[in-house]
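The values are calculated or read from the model by the stated rules, or taken from the named source; none is laboratory data. Quick caveat: nothing in here was measured; it's all calculated off a predicted structure. Every residue, glycine as well, gets a Cβ built from its backbone with ideal geometry; the counts of neighbours run over all protein chains shown.
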Amino acid sequence: MNYPISRRSILRASLALLAASALAPNVTSAQAWPSKPIRYVVPFAAGGTTDVLGRLLQVELQKSLGVAIVIDNRPGAGGNTGSDIVAKSAPDGYTIGGGTVSSHAINVSLYGAKMPYDPVKDFEPIALIATLPNVLVINPSVPAKNTAELIAWLKAGSPEAKKASFASAGNGTSQHLSGEIFKMLSGVEMQHIPYKGSAPGITAVLSGEVTMMFDNALIAIPQVKAGKLRALGVTSAKTSAALPDVPSLSRALPGYDLSSWQGVFAPAGTPKEITERLHREVMRILAMPETKEKLANLGADAGTLNRDEFGNFIKAEIAKFGDVVKKSGMKID
């Protein structure tokens, strides 16, 4: 027996079908992530610490996620240029980026109203990759075998000493701040020369274009072990296992203590299932024995914080370095 179907019934069925169709793509896209290449923005030049760590993660993430991880170097403004790209990207899991103590802590106080993003509100913290000290390295032509001799040479005021300069990976970076703290505690004068990353900065020291650099251990140590640069001290309060014979700068300059860190971030609003997946994958890579050994040989300690702990760590770093920037008199060159 056939029953008549009312217009109201047809309308209700059509509306239900449309609603189901509208929801279906969102469910499918969330379940299918990732289904295309993921961009990994590095806010510094190729060859620097953030770039090296990004490429270390790239290899293993491609294996586990099954898509290409495309490294996109966007240097400038102490990490602000590339980090701003991440902050303003679509929160869909297809753009993530490396972030550092400079881009997500120091620069807030240094750039003030010129800061293009909020390092807390505009990002989802994925994982702390590593913590590491900076290393004071000098060109071998400088007549100093330790920090005390370097300070004495700078204060003696020879023509060469009056031209002394230190390189950094850019304004607001930990390398920049390390140099400013050195100047403040030692009473010496040096010109700051900002570059767009550690690689061009360390190259300038190697060539003698710049006198010294307080560079990340990961980049400095290979040059020291190759005999191309002389290491005088590490910026952390404790010595580095990778450079056991190099003392802490605090031995010559009491109170000197600064460590750098590197992390991974996604734009604010990225779905939790994606950020949690990325966190698990990064932490799995960091826990691999070969990764730990590689980082240790380069003077870095693998991160162990969960996402909430990393977020709280960043807030504490912003407060801490706000005070350090003020006391050091650090300025944008």
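For this structure, a couple of remarks:
- Scanning the range 155-185 for residues that are under 20 Å from residue 45 (Cβ atoms) and assigned to a loop (DSSP other than H, G, I, E, B) gives 169, 170, 171, 172, 173.
- Test: residue in the range 210-217 that is buried (at least 19 other Cβ atoms within 10 Å of the Cβ) and β-branched (Val, Ile, Thr): yes
- Selection from the range 247-270 of residues that are within 24 Å of residue 53 (Cα to Cα) and touching a residue at least 60 places away in the same chain (Cβ under 8 Å): 258, 259, 260, 261, 262, 263, 264, 265, 266, 267, 268, 270
- The range 83-92, subset under 19 Å from the mean Cα position of the chain (by Cα) and assigned to a loop (DSSP other than H, G, I, E, B), residue surrounded by the most Cβ atoms within 10 Å (Cβ to Cβ): 89
- Residue 280 falls short on exactly one of the conditions (1) under 20 Å from the mean Cα position of the chain (by Cα); (2) over 17 Å from residue 101 (Cβ atoms); (3) in contact (Cβ under 8 Å) with a residue 40 or more places away in the chain; (4) surrounded by fewer than 21 Cβ atoms within 10 Å (Cβ to Cβ), and that condition is (3).
- Considering the conditions (1) in contact with a Gly (Cβ under 8 Å, 6 or more places away or on another chain); (2) over 30 Å from residue 88 (Cα atoms); (3) among the aromatic types (Phe, Trp, Tyr), residue 195 is excluded by exactly one of them, (2).
- Looking only at the range 229-258, and only at residues there that are surrounded by fewer than 19 Cβ atoms within 10 Å (Cβ to Cβ) and in contact with a strand residue (DSSP E or B) (Cβ under 7 Å, 6 or more places away or on another chain), the one that is modelled with the highest pLDDT: 247
- Unique match (being among the hydrophobic types (A, V, I, L, M, F, W, C), in a helix (DSSP H, G or I) and either at pLDDT below 95 or surrounded by fewer than 24 Cβ atoms within 10 Å (Cβ to Cβ) (or both)) among 152, 144: 152
- Qualifying residue in the range 48-70 (condition: at pLDDT below 95 and part of a loop (DSSP other than H, G, I, E, B)): yes
- Of all the residues in the range 117-141, those that are small (Gly, Ala, Ser) and assigned to a strand (DSSP E or B) number 2.
- Restricted to the range 256-273, and to residues there that are within 20 Å of residue 131 (Cβ to Cβ) and assigned to a loop (DSSP other than H, G, I, E, B), the residue that is farthest from the chain's Cα centre (by Cα) is 256.
- Residue among 229, 298 that is under 25 Å from residue 143 (Cα atoms) and out of contact with any Phe, Trp or Tyr (no Cβ under 8 Å at 6 or more places or on another chain): 229
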